[in-house]
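The values are calculated or read from the model by the stated rules, or taken from the named source; none is laboratory data. Treat the numbers as computed from the prediction; the structure is a model and nothing was measured. Neighbour counts run over all protein chains shown; Cβ positions are idealised from the backbone, glycine included. Just so you know, the surface numbers come from the protein's heavy atoms only, side chains and all, with ligands and any DNA or RNA stripped out. Shrake-Rupley method; radii C 1.70, N 1.55, O 1.52, S 1.80 Å.
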Amino acid sequence: MRSEQEVNRAIDLYSDTIRRICMIHLKNSADTEDIFQTVFLKYALSHVDFESDEHEKAWLIRVAINACKDLLKSFWKHTVALDEIIEQPSQISPDHKEVLEAVLSLPTRYQDVVYLHYYEDYTAPEIAQILHKNVNTVYTLLTRSKQMLQKKLEGDEYE
């Protein structure tokens, strides 16, 4: 079990990342908070020795993604429409709101790679390691998602 100081340090460093990943997957702030707590509880109870801060961050991201997928597969899932999230009062600029809508409209398999690459600045090999995918698969997903986003933001519907 980790000390309170270790857990607080991890929360300070990675809370924004974990919340955003959860929101991308769950599209619901209540479920996001539940998974956020679950992720850091698992971290607190974990005995994993991390090689570096990047290893620790990758572990937390993987746990968050898996927890989100588990929740979405569960019988008792509760979801909120994308429109409701976008319409919530926030400080998102109209341009960022449009990009967020476009990213959230992508199929799930593209959302993770887009987020990790463009928002968290991970390279394709790092994303491949985090998501347990082949590096070429990540490059393909990034290329296709970029094409889809470009079409979406130009007003065209993608496949």
*In the range 97-159, what percent of the accessible surface is made up of carbon and sulfur (1.4 Å probe, ligands and nucleic acids excluded)?*
46 percent
*At 0.36 nm per residue, minus the direct Cα-Cα distance, what do Ser3 and Glu51 gain on full extension? Give it in nm, one decimal, please.*
15.5 nm
_So with the 1.4 Å probe, I'd like the accessible area per residue for the range 103-145, rounded to whole Å²._
49 Å²
_As an exercise, take the mean of 1/r over every pair of distinct alpha carbons in the range 1-51, invert it, and state the Kirkwood radius in angstroms._
11.4 Å
*Residue-wise, which Karplus ³J(HN,Hα) couplings in Hz belong to the range 124-141, taking 6.51 cos²θ - 1.76 cosθ + 1.60, θ = phi - 60°, and x for glycine or proline?*
4, x, 5, 5, 4, 5, 5, 8, 6, 10, 5, 4, 5, 5, 4, 4, 5, 4
*How would you order 37-48, 141-152 from highest to lowest mean count of nearby Cβ atoms within 10 Å?*
141-152, 37-48
*Give a residue-ordered list of calculated ³J(HN,Hα) values for the range 102-112 (Karplus: 6.51 cos²θ - 1.76 cosθ + 1.60, θ = phi - 60°; whole Hz; x for Gly, Pro).*
5, 5, 5, 7, 5, x, 3, 5, 8, 4, 4
*Per the 1.4 Å probe, what fraction of the accessible area of the range 11-78, in percent, lies on carbon and sulfur atoms?*
55 percent
*Provide the FRET efficiency to the nearest 0.05 for the Glu101-Ala30 pair, computing r from the beta carbons and using R0 = 30 Å.*
0.90
